[in-house]
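Scroll down for the structure; my scribbles are underneath it.
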Amino acid sequence: MSARDRILAKLNAAPVLPKAAPDIASWYATHRSSETTAEKVARFRTCIEFAHAEVYEVTHASWLQKLWEVLSAKEIGKLLVAPGTAHGQRAITELSQSGIECPGYDSPIEDWKAEMFHDIPASLTASRCAIAETGTLVLWPDADEPRLMSLVPPVHIVLLDAATIHNTFYEAMTAEKWKDGLPTNALLISGPSKTADIQVTLAYGAHGPKELVVLLIGEEA
Amino acid sequence: MSEHALNFMPSEGFRARAKDVVENPFLRQSFRGAMDFLIGKRAGQFPNPEELETLRTLGEQIRQYNLGKLPALLVQLEENLSRNGIQVHWAETPDEANAIILGICQAHSAKLMVKGKSMVSEEIELNHACEAAGIEAMESDMGEYIVQLAGEKPSHIIMPAIHKTKEEIATLFHEKVPGVDYTDNVDALIQIGRNVLREKFLVADIGLSGVNFAVAETGTLCLVENEGNGRLSTTAPPVHIAITGIEKIVEKLDHVPPLLSLLTRSATGQNISTYFNMISGPRKAGEKDGPTEVHLVLLDNGRTQAYADEQLRKTLQCIRCGACMNHCPVYTRIGGHAYGTTYPGPIGKIISPHMLGLEATATMATASTLCGACGEVCPVKIPIPDLLMRLREESFSAPHENPSMRGQGAGYSRLMTAVWQGWAAVYRSPSLYGVVTWLGSRFGWLMPSRQGPWTSVRVPLKPAPKRLRDMLRERG
């Protein structure tokens, strides 16, 4: 008998009475009220700013201008982008003219791992949606916009469409039917990397990004 | 507190280790301050008692429902992980788990393993096994990194280095990290750790992590963390090995949000952790990063023993938030190392006997005031005080056939049992009680001045010259 069979045999031998399935939907229905987009935006901002993220409200037309301002203010001259995405292409086209270098994540990490760890000061990714209750961005990395983009560069800039903000994590995963198809690595991100491991003193920039910038795209003014 | 103080007989030396901490005002202050901070942070996250209570009930229902289907869910998890390309391994003992992990390392000629925080890897002493096999195992959680540099073990499951002051850490970094000057600035210390470990993430052959929730229906491994080292450990190296106890399974993806909310709010008083990392497979064709191999090791190590008994099974509801230790008056005073087990505090006292046997842990359940705080704050309503009483019974009752726990009766003493039986008899019979108290009031002067551990810190016990019933009679 294998370890697997022995473990399963022991568990199956236990006298266990089945328990009723938990009613998660009704708990959320009675404890989390629905909000308008404006209310969700406000709550999202409050929470993620509390976690030390920077949030700028922009429009589809203006986000590149704000992105350039943010990079200039932080004296960043190089931004890692995903050339296979529409926003990545726009960044390459428009920022390159403003003197910001926009290398694309276009080859497997093995080809340029050291460069990624040492020479990329910032990155730009999109987010799939967000969660108002906790101030959380949802990232859905894929072949175009890989996992390490939101992790290794010290400054991570994220585009978020205000219309995609859900009230709760539960609402996000049920409304979008996540269980029917998760990516290799789905991520919830709620601020820059941090730790309180030394004398419970909060310090930012532990291992992941030291700064998280959200460009929150709302209605055109 | 050196590593030598820890061994596999936690009951032995417990008093001595506890005494060391109780008499050390700096450690007392470290723990008291940190626990008060965490208690306050948690309370701030649950302003509405009704919400807290109903959410805890929901958390308990989710955990009990999933434990009720555990064997079927393990099979479902294995099927779905395999379908996603994650290789599943099963281990009954720590030795088996280490052999599986080392086997994977050796198949890749691995020299360096970076580790995200994993208490199960502490439970199996993976770092020692790696060292013996010539593989460097490097902790990357800041607290774990500090503890590893110091040659110690975690003193708290969420805050491993809570027993160290920033000055101690400053000295440690100065002495152990090449080229580092002394600084006790916390931001600077964290940046030192970041810079050292980034170079390790860059070149590591293997990334190891724990698992907070394994979702059976989707074949997903979920990790909760703030630092990003968990994400780096599971993304940057070419191979990712996750290890978890068999109990951390949920059937449905929608079981995760309530448990995640209970976990982060109870543990550190955060509405959510910085990262929630959901891994459902290795790198797919066309993807540019992520490990090309992902493994999951499912560990028993005594959990099936707890599972076999309806009451003891509740131990497995635990989601490892650490709130029970944060609120424990004993843990706060003696710290995590005194217990001598991987998991300290109330949860340690109820889970360790299944892992190590009652032979090694017979008196652990007595290191409790039974104040009930642990049970009150537990986010999944584990009745910890009831379980402590049950474990005392298992330890100190006379050995019998078919015990439900390994080492049942390990603390049994014929004399002590006789004393308690006598005591119970006196209290059951009013006439016998009258005789004994009358003798006590007359011959109290015969009481010795040294009464074992009692008089080590207290004045001797002496029966009053007049009994309560005599005084009441005199008053008419």
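Below, the figures for the structure above:
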{"read-out": "Charge dipole magnitude, Cβ of K and R +1, D and E -1 - the range B:414-474, Cα centre, debye nearest 20", "value": "60 debye"}
{"read-out": "For the range B:54-141: rounded, prolate or oblate by the Cα gyration tensor [a/c cutoff 1.5]", "value": "prolate"}
{"read-out": "Förster radius 56 Å - calculated FRET efficiency between A:Ser107 and A:Thr37 (Cβ-Cβ, nearest 0.05)", "value": "0.90"}
{"read-out": "Compactness of the protein assembly as shown as Cα Rg over 2.2 N^0.38 Å, two decimals", "value": "1.05"}
{"read-out": "Lys, Arg +1 and Asp, Glu -1 on Cβ, resulting dipole of chain A about Cα centre, debye, nearest 20", "value": "980 debye"}
{"read-out": "Tilt relative to chain B, helix B:25-45 - C-alpha long axis, 0 to 90 degrees, to 10", "value": "70 degrees"}
{"read-out": "Where Cα atoms sit under 20 Å apart: lysine pairs in the range B:128-283 separated by 8 or more or lying on different chains", "value": "6"}
{"read-out": "Angle between chain A longest axis and helix A:63-73 axis [Cα atoms, degrees, rounded to 10]", "value": "80 degrees"}
{"read-out": "C-alpha center-to-center spacing [the range B:197-245, the range B:148-178] in angstrom", "value": "23 Å"}
{"read-out": "Among B:Ile249, B:Ile135, B:Cys321 - extreme Cα towards positive end, dipole of chain B, charges at beta-carbon", "value": "B:Cys321"}
{"read-out": "R0 of 25 Å, Cβ-Cβ distance B:Leu439-B:Cys371: FRET efficiency to nearest 0.05", "value": "0.15"}
{"read-out": "Radius 11 Å from Cβ of A:His52, net charge of other residues (Lys, Arg +1; Asp, Glu -1)", "value": "-1"}
{"read-out": "Approximate spin-label separation A:Ser26-A:Lys179, in nm, with each point projected 7 Å along Cα-to-Cβ", "value": "1.8 nm"}
{"read-out": "Rounded FRET efficiency, nearest 0.05, which uses the C-beta distance separating B:Glu393 from A:Met1 and R0 of 22 Å", "value": "0.10"}
{"read-out": "Count, lysine Cα pairs under 26 Å in the range A:35-217, 8 or more residues apart or across chains", "value": "18"}
{"read-out": "Free-standing Cys, the protein assembly as shown [no other Cys Cβ under 4.7 Å]", "value": "A:Cys47, A:Cys102, A:Cys129, B:Cys105, B:Cys130, B:Cys222, B:Cys318, B:Cys321, B:Cys328, B:Cys371, B:Cys378"}
{"read-out": "Exposure rule at most 10 other beta-carbon atoms within 10 Å, DSSP loop GluC sites (Glu not before Pro): chain B longest free segment", "value": "B:24-400"}
{"read-out": "Using alpha-carbon coordinates, inclination of helix A:86-97 to the longest axis of chain A, degrees", "value": "30 degrees"}
{"read-out": "Net charge of neighbours whose Cβ lies under 9 Å from the Cβ of B:Ile135, counting Lys and Arg as +1 and Asp and Glu as -1", "value": "-2"}
{"read-out": "Share antiparallel - DSSP beta bridges, the range B:11-304, percent rounded to 5", "value": "25 percent"}
{"read-out": "Positive-end residue of B:Phe173, B:Asn66, B:Thr274, charge dipole of the protein assembly as shown with Cβ unit charges", "value": "B:Asn66"}
{"read-out": "Computed log₁₀ I(q)/I(0) - Debye formula, equal Cα scatterers, no solvent, chain B, q 0.08, 0.09 Å⁻¹", "value": "-0.53, -0.66"}
{"read-out": "Counting DSSP beta bridges with both ends in chain A, the antiparallel % (nearest 5)", "value": "25 percent"}
{"read-out": "Charge dipole of the range A:35-217 about the Cα centre (unit charges at C-beta), most positive-ward option of A:Gln89, A:Thr168, A:Ser107", "value": "A:Thr168"}
{"read-out": "Charge dipole (debye, nearest 20) of the range A:77-184; +1 at Cβ of Lys and Arg, -1 at Cβ of Asp and Glu", "value": "180 debye"}
{"read-out": "Two-site label geometry, B:Tyr412 and B:Asp20: point separation in nm, points 7 Å out along Cα→Cβ", "value": "3.4 nm"}
{"read-out": "The range A:100-177: equivalent-ellipsoid semi-axes (sqrt of 5 x gyration tensor eigenvalues, Cα, Å)", "value": "28, 13, 10"}
{"read-out": "Separation of alpha-carbon centers, the range B:87-141 and the range A:30-91, rounded to whole Å", "value": "40 Å"}
{"read-out": "Virtual spin-label span in nm between B:Asp309 and A:Ala163, 7 Å along Cα→Cβ", "value": "5.9 nm"}
{"read-out": "Cut-off 14 Å, label 7 Å out along Cα→Cβ of B:Arg467, residues of the range B:424-440 by amide N", "value": "B:426-440"}
{"read-out": "Ellipsoid semi-axes in whole angstrom, largest first, where each is sqrt(5λ) of the Cα gyration tensor of chain A", "value": "36, 24, 18"}
{"read-out": "Exercise: per-residue mean of other protein chain Cβ atoms within 10 Å, A:15-26", "value": "6"}
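Read the figures in this text as sums done on the coordinates, not as results from a lab. Bear in mind that the values here come from a model prediction, so they are computed numbers and not experimental data. Positions of Cβ are backbone-derived with ideal geometry, glycine not excepted, and every protein chain shown enters the neighbour counts.
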